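Reviewing the structure listed below.
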Amino acid sequence: MGVSVGIDLGTTFSAVAYINPKTKHPEIIPNGEGSRITPSVIQFLDGEMIFGSEAEEAMAAGEPDCVATFKREMGNDDPYCYIDGVPYTSEQLSGFLLRHLKEEAEAALGDTIKDAVITVPAYFYSREREATINAAKAAGLKVKKIIDEPNAAAMAYGLEHWRENARILVYDLGGGTFDITLVVMGKDGQLSTVATRGNHKLGGRDWDARIEDILLERFEADTGLDLHEDSEAYAIVRGLSEGVKKQLSAMSTMRVAASFPGFGKSTVPISRQEFESGTSDLLEQTGALCQAVLDEAGLSTKDVTDVLLVGGSTRMPQVPAYLQKMFGKRPIAHVNPDEAVALGAAIQSSKETETYTSLSVQVIDGKKKTDMGSVGLGVRTAVKPAKKLSGVGVMTLRETTAHAMGVVAINDEGDRYYNEIIIPANHPRPVRAAKRFRFYTHPRSDNELDLYVLQGDSENPVDCQIPHKYVVSGIRHVKRGEIAGTVIRVQYSYDANGVIHIQARQEDDTKDLPVRQEPVPESTYRFGRPVASGEVTDGVGFLQAGERRDVVHKYKAVNFSNAEWIRFDRITYHPSGAEFNEPSVHVVANDEKIEFHGYNVSAMDEGVTYTIDGNDDFDIECEINTSTIQPHPGGHLYISLGIISANLTQDGGSIFLDGACVKTVGPRFTLRMSLTDGGKYEVYVNDVLAGSKTVSAADSIDVVFGFTHESHCCSILSHAYISDIKMLQSSGGSDEDESSETDTWDD
């Protein structure tokens, strides 16, 4: 049948546990050496990989090709190390370690592993969580769930010490990461996460590094050697640091000895007092994160029932002493800090996947926050005495989102980018939220929508993480004139693993549009600068004009009643009298057509002008019929958009691009002119591209419809019109239904 297990994939040590079918309790599965934990170290030796204590000892001895602490770089696609010239990422190294853990656990159990719950730091972003899942798949493991390490430890603690209404602050300081999580113990084994903070690059290794600095300085003073420039000597000192840290936890002073090539043995002193003094800033960083969690939950230190210590680095005496001073009570250590996470993961391995919860938010000081009332932070209730739960079956866990999920948006003034929060931090997960907005399609484009999703609370997008660039494709073109654009519904989700998912649907379709992930461009620093001309937002995602060759720009419809058309009249001579009785209005522009009139015309140079930003995106299409033009010879209809122009008589005429004729037309045709990408001009005649050119766009460009007649007497009717005009212009503004909330849907 196979066994479900829980795996603590730690920075310094890893462990595997399962629910013993006889006792119905979680138990650690010993590795091939009979040990309950496995060092997270790999040694590459003669084409093979060595794991466990042997690899750890080799690294401590300064042997080459040993790698550790690679978990800190999970989600980073850059190589973590090179072995014999071959690059390895953290994800690959984690996959090697997970395969080793799987094989040893299967050997100990005499059975196969069917699936696994794997733990990660609570403050891991979506990319790190995705990388962990990928590493597990590469190791041949089916991932049942990714669970946060503090929550796993709280489950292991709660099984034996359940205290209804207790507010437990789980302080998890491991070898390479730190998490602080507030959990509430509810009725009948219901464990709910309230808030979490962390730093996945802060842990015991940073304390080790401070010891290295002290030892290097003293060994250099004693030997006269430059140990920083000697890789072999540096490795020797580095190999001593963790052992010195552990010994200083049991004694106040000690002497450290090491032998260096070219010198021999050297012995230097070190004390706990100077070690703690040299690492006090690291401890204060954890304290600041503790306070941030309490602030998020709206609690004080007095509201915390207890602080639970998790992680091997909490064995340092300075940790409980610091927390006792901060909270006024001695932290509890009722769990084995090296095993509790794996045991809790084993408990979770017996559970089914949670259902999605409804979004529960409130707006405080203009910012979207999680409604803490939804996670059990109401009126204070007395904590009931501790008891053992009847078994793992009664326990349930509801985790929260460590990071807010937002999108890059542009403010109402259109001058800066900001992080528009969709799902706030510390919201119960899994959770979905959806928005609908109007998207204007293009008949000659792939109609793709770019979405830049953020993780983080900062209003400034560059201070947040962008896990991926998401591209929605397959959007159907909606013909102009039938409806102003099309409605796109985008659904943003945190699944049970804390991984982001993006889905999109068009109109009321029941089938999702294709969504793909693309690498995040290196140029995201622009989101921290003022908005450049030509960049537009849709309120739920971000579109960059000109970013791809076939990028879809977001347009809004413009007609003659809401656009600021300016009528011009450049007639210099108006004769009077019966023969030259010109009308007071020569040009009429409405929502459907532009008409030009001239009766008994002597001279005429009139029309309408609409000025656009040269870096804006503009598209205009119209039906032309010049057969109605009846001027005396010398009159013509003219149209222009920057370097595109048309000169037409009753028989048709020519279309010009930058002064060169690109098309000769008859009296009836469809004309479309566009300006995109800050200077790319295109002209289409009867839906066929007649010419295109890219030039530096001016600060402003006039769109002109006009009629010219030479200055001589003419007593016949002059009349021309342009009909069925359709215009689209890029817009940073919002339509009435844009960015509005909408119903979510199942996968």
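Here are the numbers for the structure shown:
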quantity	calculated
Boolean, SER711 is at pLDDT below 70 and at positive phi	no
Number of the exception - PHE542 against (1) at pLDDT 85 or above; (2) closer than 27 Å to ARG127 by Cβ; (3) out of contact with any Lys or Arg (no Cβ under 8 Å at 6 or more places or on another chain)	(1)
Among the candidates GLU592, GLU579, residue that is of a type outside the set (Gly, Ala, Ser), more than 25 Å from ASP687 (Cβ to Cβ) and at pLDDT below 70	GLU579
Verdict on SER249 being under 43 Å from the mean Cα position of the chain (by Cα), modelled with pLDDT of 90 or more, open to solvent by 10 Å² or more (accessible area, probe 1.4 Å) and small (Gly, Ala, Ser)	no
Residue that is under 25 Å from VAL335 (Cα atoms), assigned to a strand (DSSP E or B) and touching a residue at least 40 places away in the same chain (Cβ under 8 Å), where the choices are ALA105, ALA116, ALA122	ALA116
Residue within the stretch 130-147 that is modelled with pLDDT under 95, among the aliphatic types (A, V, I, L, M) and closer than 20 Å to GLY312 by Cβ present	no
Residues of the stretch 312-337 that turn out to be farther than 13 Å from TYR157 by Cα and under 34 Å from the mean Cα position of the chain (by Cα), as a count	5
Scope the stretch 128-152; condition more than 12 Å from MET74 (Cβ to Cβ) and either assigned to a strand (DSSP E or B) or open to solvent by 30 Å² or more (accessible area, probe 1.4 Å) (or both); matching residues	LYS137, ALA138, GLY140, LYS142, VAL143, LYS144, LYS145, ILE147, ASP148
Selection within the stretch 158-181 - open to solvent by 20 Å² or more (accessible area, probe 1.4 Å) and either assigned to a loop (DSSP other than H, G, I, E, B) or closer than 21 Å to SER40 by Cβ (or both)	HIS161, ARG163, GLU164, ASN165
Flag for ILE214 being open to solvent by less than 50 Å² (accessible area, probe 1.4 Å), closer than 14 Å to GLU274 by Cβ and either in contact with a Gly (Cβ under 9 Å, 6 or more places away or on another chain) or assigned to a helix (DSSP H, G or I) (or both)	yes
Which numbered condition GLN491 misses (of (1) of a type outside the set (Ser, Thr, Tyr); (2) at pLDDT 90 or above; (3) part of a helix (DSSP H, G or I))	(3)
Odd one out for SER360, checked against (1) farther than 21 Å from PHE178 by Cα; (2) open to solvent by 60 Å² or more (accessible area, probe 1.4 Å)	(2)
Yes/no for ASP84 being touching a helix residue (DSSP H, G or I) at 6+ places or on another chain (Cβ under 9 Å) and acidic (Asp, Glu)	no
Residue tally, condition open to solvent by 20 Å² or more (accessible area, probe 1.4 Å), in contact with a Lys or Arg (Cβ under 7 Å, 6 or more places away or on another chain) and closer than 30 Å to ILE466 by Cβ, over the stretch 104-127	1
Among the candidates LYS302, LYS325, LYS329, residue that is basic (Lys, Arg), surrounded by fewer than 19 Cβ atoms within 10 Å (Cβ to Cβ), modelled with pLDDT of 90 or more and part of a loop (DSSP other than H, G, I, E, B)	LYS329
Search result, residues across the stretch 182-211 that are within 25 Å of GLU276 (Cβ to Cβ) and either open to solvent by less than 10 Å² (accessible area, probe 1.4 Å) or not charged (D, E, K, R) (or both)	GLY198, ASN199, HIS200, LEU202, GLY203, GLY204, TRP207, ASP208, ALA209, ILE211
Of all residues making up the stretch 20-49, the number that are touching a strand residue (DSSP E or B) at 6+ places or on another chain (Cβ under 8 Å) and open to solvent by 60 Å² or more (accessible area, probe 1.4 Å)	4
Residues of the stretch 665-697 satisfying the condition of being open to solvent by 50 Å² or more (accessible area, probe 1.4 Å) and within 20 Å of SER723 (Cα to Cα)	ARG668, ASN686, ASP687, VAL688
In the stretch 225-246, the residues that are more than 25 Å from GLY203 (Cβ to Cβ) and open to solvent by 70 Å² or more (accessible area, probe 1.4 Å)	ASP226, GLU229, GLU232
Every pair of residues 6+ apart whose Cβ atoms lie under 7 Å, when the first sits in the stretch 201-215 and is under 20 Å from ASN76 (Cα atoms) while the second is assigned to a helix (DSSP H, G or I) and open to solvent by 20 Å² or more (accessible area, probe 1.4 Å)	LYS201/ARG72; LEU202/GLN285
For VAL585: the one exception among (1) aliphatic (A, V, I, L, M); (2) in a strand (DSSP E or B); (3) at pLDDT below 80; (4) over 18 Å from LEU675 (Cβ atoms)	(2)
Test result for ARG36, at pLDDT 95 or above, in contact with an Asp or Glu (Cβ under 7 Å, 6 or more places away or on another chain) and among the charged types (D, E, K, R)	yes
Pairs where the first residue, in the stretch 259-282, is in a helix (DSSP H, G or I) and the second is of a type in the set (A, V, I, L, M), C-beta under 6 Å, 6+ apart	ARG272/LEU248; PHE275/LEU248
Options LEU93, LEU98: the member that is crowded, with 21+ Cβ neighbours inside 10 Å, out of contact with any Phe, Trp or Tyr (no Cβ under 8 Å at 6 or more places or on another chain) and modelled with pLDDT of 95 or more	LEU98
Odd one out for TYR638 among (1) open to solvent by 10 Å² or more (accessible area, probe 1.4 Å); (2) outside any strand (DSSP E or B); (3) at negative phi	(2)
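The values are calculated or read from the model by the stated rules, or taken from the named source; none is laboratory data. Since this is a predicted model, take the numbers as computed values, not measurements. All Cβ positions, glycine included, derive from the backbone under ideal geometry; neighbour counts span all protein chains shown. Accessible surface areas use protein heavy atoms only, side chains included; no ligands, DNA or RNA. Shrake-Rupley method; radii C 1.70, N 1.55, O 1.52, S 1.80 Å.
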